[in-house]
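Novice: One structure coming up, written as structure tokens, with questions to follow.
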Amino acid sequence: MAASALLGFIGVLLLAHWLSTQLRWPATWQVRPDGQLELVATSIDGLKPHVGTAWVGTSVTRSHPTPGDAAPTEQDQPLLLQPQASLLAGPARWIVDDTQRRRHVRASEALASALVEDSLTLHFSDQRSFELRAVPIGWHGIGIAFWMLASLAWALSSAAAGVLKLKPSASNALYAAMALCQAGNLVCMAVASTASPALPPGWAHIDFPLRSAFDLLTLAAAVHLACIHPKDLSASRWLPATGWLAAALAWTGANSVDGSGAWWLTQATMLLMGSLAIWLMHLSFRSQPHPFALVMKRFSLIVGGTWVLVSAAIAGASARSGAEAPSESASTAAIAAASTPLAVTVWQVLFALVLLSVPFLSKSRSLVRELSLLAIISALAAVLDLLFVGLFPLGQFASLALALFLSMTIYAGARQWLVNRMLGTRVASAERLFEQLFRTTREVETQPSEAGPALARLLNELFDPVEVSLLDKPSAQAHTLSDGSTMLVPVPAIGNSAQSGSGSSTSILLRHAQQGRRLFTTDDARLADRIGEQLRRAVAFDQAVEQGRSEERRRLAQDLHDDIGARLLTLMYKAQSPEMEDYARHTLQDLKTLTRGLAASSQPLSHALAEWKADIAQRLAIADIELTWVAEHDTDIVLTMVQWSGLTRVLRELVSNVMTHAQARHVEIEVLLVNDQLLLTVADDGTGLAPQQWSPGLGVGGVRKRVRQLRGEVLWQERVPHGITCRVRVDRLSAET
């Protein structure tokens, strides 16, 4: 890769050296509305008085006179050249009319030949003439346009070599062919940018054949690539060969002896092959959703649509100049000649930027994307300029200013839409992302071993991929794979792994974001890494907070046991009556239960059921109320402190209500845990009022509040023939905290 980049750099320098030796007149010209060439600036002192006048002809005296006293031959007579506006009209590749193209080639070659003669006389519209000699361009006269276009060509060729080096394959070879062809186009444009006004000798003859070959080969490779990547279509058996054959036939027909309709034949063939490539990308995505196919289809539509506009604008300007009167035709042709090179150059740069960004779509920085958007808008401005020239009688400055204004207006309004259509970018709102992260943190906190599946569910909701899977493969950080169609995200180390400093050996593989409608990018990878890190930090923070709470509860439990417990024990021994002694003993028992629950951060359900039964039976026995206790559970889950405390206080409050208000003789309590659903029922045979007639109180309100904390539901109903039934339901007890 380094060698190919070095060779490309040396090639650019050699090309620049060759151009620096070419002869030119040190002068700048522009096309006047009447079609004549006007001298704008020059570094030759004797030529400066002619600035602002039109160049009307050139006489060339041969540098090889007839020897002896022989009479001068026809070859020795002065050669008269008529300057044409087509000399500044840019490359022959984008001249529509065949006659104008041949005239342009002849004029360019004649002027290039005249540059090597010793004596040239320029004739101007002010009836004055000036004799000058051509000088080498030199390194200082090459111009910034050459270096920019040549650098972009070098970057394209380096990208082609890099892609082939990293992964030799048929699809990468086709991409390399497209990149090299467009690099060749850029080199041709770089050479043409140094012409003022004549191209190097022989260059005008090869411009159209060479550049049309580059364009046709690019489209043939695009058709072939769409047949085999990202999905190998059944049509790939014959369509690629058809595309290459069509390119060869079109090039042969366009460059035949007569060359009639060469430009139209080339453009029509390119349009057909480009449409075929886009249609194949559409079929590939429909048969198997893959973001690369969709993204490339979007890029192709944008680039192809701009190309169609450029071609239509140039063809329209050419047709209008041919249909108008000679004076009006010269004016239209002059303005079109000044606008065509800009439109073609901007579009070519747009296409080159798109090709250059293809291998780096998932890793491209914002700069590449913004450059592509800027090139699109610039191409649109050039197209609008040509359309205004062809449709409205506007001057060159007025048409360009109006085109720029409309283009920037469209860019400001459609920029975000273009970004979304090009890359399919979808940014989740901060509120939605926070809600998902909070829910996942709660899940991982209760079950740290399920961190991988929980994070996979979060990423699935965030990126909406076609496939999400867990792999037993370590990964240092999130990164994209397979041209951005896949992303690998490490599962953060949580719990014991995080405390020991060992990382997780599990990763999450996501394929085809947004159901195959967009590629994963480096921004997505960074977002996934930050989500994993925030998840790890949130769980670690909650664990630290819970540890602090546990230590504070143990301290409170110890203080209650040492202080209040000692006082209750003293009160029990000094009781004045057996009833007071029993009351103090029961209070002391309640205190022990409370302090034991405070000291323990969690408790098995079976232990809690035993404590609840013993406590309730003792309290009801004092009130002479019979108890029927039923408890069943399919899994002995571990209750957190919040769950144990809430259920304990709910049971106590319900039993206290029965003892205080119901005047019941029998109480039935049923606790069932089936499939993680808790059903708690407390029924009495008392004489309590109907629930609709109850006035709000702290007891019933406290029960409702604690059940809501457990994310459950509570309901009171009348029993037949008399009594009240209270039902508490918590659907997912193990998931609630």
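The values are calculated or read from the model by the stated rules, or taken from the named source; none is laboratory data. Just so it is clear, the model here is predicted, and its values are computed rather than measured. Here the Cβ positions follow ideal geometry from the backbone for every residue, glycine too, while neighbour counts run over all protein chains shown. Accessible surface areas use protein heavy atoms only, side chains included; no ligands, DNA or RNA. Shrake-Rupley method; radii C 1.70, N 1.55, O 1.52, S 1.80 Å.
Novice: Can you tell me the order of 38-50, 528-540, 646-658 when each peptide is scored by its average per-residue count of other Cβ atoms within 10 angstrom, highest first? Write out the running numbers ahead of the final one.
Specialist: Values: 38-50: 14.8, 528-540: 18.4, 646-658: 20.8.
Ranked by mean Cβ neighbours within 10 Å, highest first: 646-658, 528-540, 38-50.
Novice: Once neighbouring chains are kept in place and the probe is 1.4 Å, which whole percent of the accessible area of the stretch 93-217 is contributed by carbon and sulfur?
Specialist: Working: 3260 of 5090 Å².
That fraction is 64 percent.
Novice: Return the FRET efficiency for the residue pair D523, T681: r is the Cβ-Cβ distance, R0 is 51 Å, and the value is rounded to the nearest 0.05.
Specialist: For R0 = 51 Å, the calculated efficiency reads 0.45.
Novice: What are the semi-axes of the equivalent ellipsoid for the stretch 447-570, taken as the square roots of 5 times the Cα gyration tensor eigenvalues, largest first, in whole Å? Mind dumping the intermediate values first?
Specialist: Details: eigenvalues 391, 35, 23 Å².
Semi-axis lengths for the stretch 447-570 are 44, 13, 11 Å.
Novice: On a full-extension model of 0.36 nm per residue, what is the gain between V630 and I206, subtracting their alpha-carbon distance, rounded to one decimal in nm? Walk me through the numbers before you get to the answer.
Specialist: Numbers: separation 424, 0.36 × 424 = 152.64 nm, distance 9.79 nm.
Taking 0.36 nm per residue and subtracting the Cα distance, the gain is 142.8 nm.
Novice: While we're here: Taking the Cα-to-Cβ direction at S656 and at H140 and moving 7 Å from each Cα, how far apart do the two end points lie in nm?
Specialist: Result: 10.0 nm between the two label points.
Novice: Moving on to the next point. Just need log10 I(q)/I(0) for the stretch 120-192 at q = 0.15, 0.16, 0.25, 0.27 Å⁻¹, Debye formula, equal scatterers on the alpha-carbon atoms, no solvent, rounded to two decimals.
Specialist: So the normalised log intensities work out to -0.65, -0.69, -1.00, -1.07.
Novice: Just want to confirm a number: the relative contact order over the stretch 93-240, from Cα pairs under 8 angstrom separated by 6+ residues, in percent.
Specialist: Values: 138 pairs, mean separation 37.6, N = 148.
Here the relative contact order equals 25 percent.
Novice: Heavy atoms only, probe 1.4 angstrom, no DNA, RNA or ligands counted: give me W694, W55, W716 ranked by accessible area, highest first. Don't jump to the answer; show the numbers that get you there.
Specialist: On the way: W694 85, W55 10, W716 30 Å².
Per-residue accessible area, sorted high to low, gives W694, W716, W55.
Novice: Among 622-634, 509-521, 16-28, what's the highest-first ranking by average C-beta atoms within 10 angstrom per residue?
Specialist: 509-521, 16-28, 622-634
Novice: Stretch V116-S449 to full length: gain in nm at 0.36 nm per residue minus the Cα-Cα span?
Specialist: Numbers: separation 333, 0.36 × 333 = 119.88 nm, distance 8.32 nm.
Answer, rounded to one decimal: 111.6 nm.
Novice: Something else: Say each of A41 and L13 gets a label point 7 Å from the Cα, pointing the same way as Cα to Cβ; how far apart are those two points in nm?
Specialist: 2.9 nm
Novice: Assuming R0 = 45 Å, can you tell me the calculated FRET efficiency for the pair R665 and Q558, based on Cβ-Cβ distance, to the nearest 0.05? List each step's numbers first, then the result.
Specialist: On the way: r = 41 Å, r/R0 = 0.91.
The computed FRET efficiency comes out at 0.65.
Novice: Then there's this: Give me the accessible area per residue for the stretch 634-737, probe 1.4 Å, as a whole number in Å².
Specialist: 54 Å²
Novice: Going by the alpha-carbon gyration tensor, a ≥ b ≥ c the square roots of its eigenvalues, is the stretch 582-681 rounded (a/c under 1.5) or, if a/c is not under 1.5, prolate (a/b greater than b/c) versus oblate?
Specialist: Values: a/c = 2.20, a/b = 1.25, b/c = 1.75.
In terms of gyration-tensor shape, oblate.
Novice: Separate question: Karplus couplings for the stretch 120-132 from phi (6.51 cos²θ - 1.76 cosθ + 1.60, θ = phi - 60°), rounded to Hz, Gly and Pro as x?
Specialist: 10, 10, 8, 10, 10, 5, 8, 6, 9, 9, 8, 9, 9
Novice: May I pose another question? What's the extension gain from A566 to R128 if we count 0.36 nm per residue and subtract their Cα-Cα distance? Don't skip to the answer; put the middle values down first.
Specialist: Working: separation 438, 0.36 × 438 = 157.68 nm, distance 12.47 nm.
Extra length available between A566 and R128 comes to 145.2 nm.
Novice: Moving to a separate point now. Using Cα-Cα distances under 8 Å and only pairs 6 or more residues apart, what relative contact order does the stretch 158-229 have, in percent?
Specialist: On the way: 46 pairs, mean separation 31.3, N = 72.
For the stretch 158-229, the relative contact order is 43 percent.
Novice: Between R649 and A268, what is the FRET efficiency for a Förster distance of 60 Å, r being their Cβ-Cβ separation, to the nearest 0.05? Numbers along the way, then the final one.
Specialist: Values: r = 84 Å, r/R0 = 1.40.
It comes to 0.10.
Novice: So how far apart, in nm, are the two label points at Q576 and R106 if each is 7 Å from Cα heading toward Cβ?
Specialist: Label-label distance for Q576 and R106, simple model: 13.6 nm.
Novice: Cut-off 19 Å, label point 7 angstrom out along Cα-to-Cβ of A610: give me the residues of the stretch 646-664 whose amide nitrogen falls inside.
Specialist: Output list for this probe position: 648.
Novice: How would W94, W238, W154 line up by accessible area, probe 1.4 Å, largest first?
Specialist: Values: W94 15, W238 145, W154 95 Å².
Greatest to least solvent exposure: W238, W154, W94.
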